[in-house]
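Working notes, beginning with the structure itself.
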Amino acid sequence: MPIDTLSAGVAEWLSAALPDHGIYALIFFAFIAGLARGFSGFGAALIFIPLGGAIVGPKLISPVLLLIDGLATLGMIPPAWRSANRREVFAMAIGAALGVPAGTVALALMDTLTLRWIITAVAISLLALLVSGWRHHGEPRAPLSAGVGLIAGLFSGAAQLGGPPVVAYWLGGTSDFTRVRANVILYFSVSTCFSAISYYAGGLFVQAVFALTLVILPGYALGLYGGSKLFGLAKESTFRLICYLLIAAAAIIGMPALDGILR
């Protein structure tokens, strides 16, 4: 097939599959989300899901983030594998494997408004506990890590809010911030597999998802690269502060009371 014919076909497909509004805003939000993810190891969903979902809806924006994040963060996995506490990460992933489908069931059966307020309250409570200066001492035990993974999986399946419990747990321990970031990156690389299976089973990978991924991925990857460079310049106190702010943002943005503002 000639190149010009192929290009015309791709352009025609993109024109038909892409939403008719908000593309530039989505690219900008993806760039900011990538900055947060590259710096802290998490935070992309906290920014991109509520803002992007207000434009094209959560059923479309969630699988888009899954794809762009999964593709763009492949290069972050090898160094995270070397630096992370792998036993701890995989213990948490076992809990998440159970929590994600359970959270999906809760999303289907529980009143959505009630569920979102519960998650907001839990996120705020976790943040308050961290800011208070509380720390657990010693290396986390596997059952505790799996329990946190179960909670994070529930939050991910129910409302795409799995980051705060995971980050709050590891920030509350004695690990240095480099280890915390590596743990978070490795954990989310594993949990992405669970989400991909769930999205595929749910029929969420429609043509518009792939079209948006193609358009948005470069901006997200650029933000990811910039955030990774900023992490190398940060002090541990700065890292913790930004993580706290991201958790606070998750709680505030996720409040049902703000739905009117986002829309």
Checklist entry - Among the listed residues Ile55, Ile49, Ile61, which satisfies the condition of being buried (at least 24 other Cβ atoms within 10 Å of the Cβ) and outside any loop (DSSP other than H, G, I, E, B)? => result Ile61
Next on the checklist: Can you say whether Phe210 is more than 16 Å from the chain's Cα centre (by Cα) and more than 21 Å from Gly38 (Cβ to Cβ), as far as the supplied structure shows?
Outcome noted: yes
Next on the checklist: If Phe28 satisfies all but one of (1) open to solvent by 30 Å² or more (accessible area, probe 1.4 Å); (2) closer than 23 Å to Leu212 by Cβ; (3) touching an Asp or Glu at 6+ places or on another chain (Cβ under 9 Å), what's the number of the condition it fails?
Outcome noted: (3)
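The values are calculated or read from the model by the stated rules, or taken from the named source; none is laboratory data. If you're wondering where the values come from, they're calculated on a predicted model, not measured in any experiment. Virtual Cβ from ideal backbone geometry, glycine too; neighbours counted across all protein chains shown. Side chains are part of the model used for accessible areas, which takes the heavy atoms of the whole protein and leaves out ligands, DNA and RNA. Shrake-Rupley method; radii C 1.70, N 1.55, O 1.52, S 1.80 Å.
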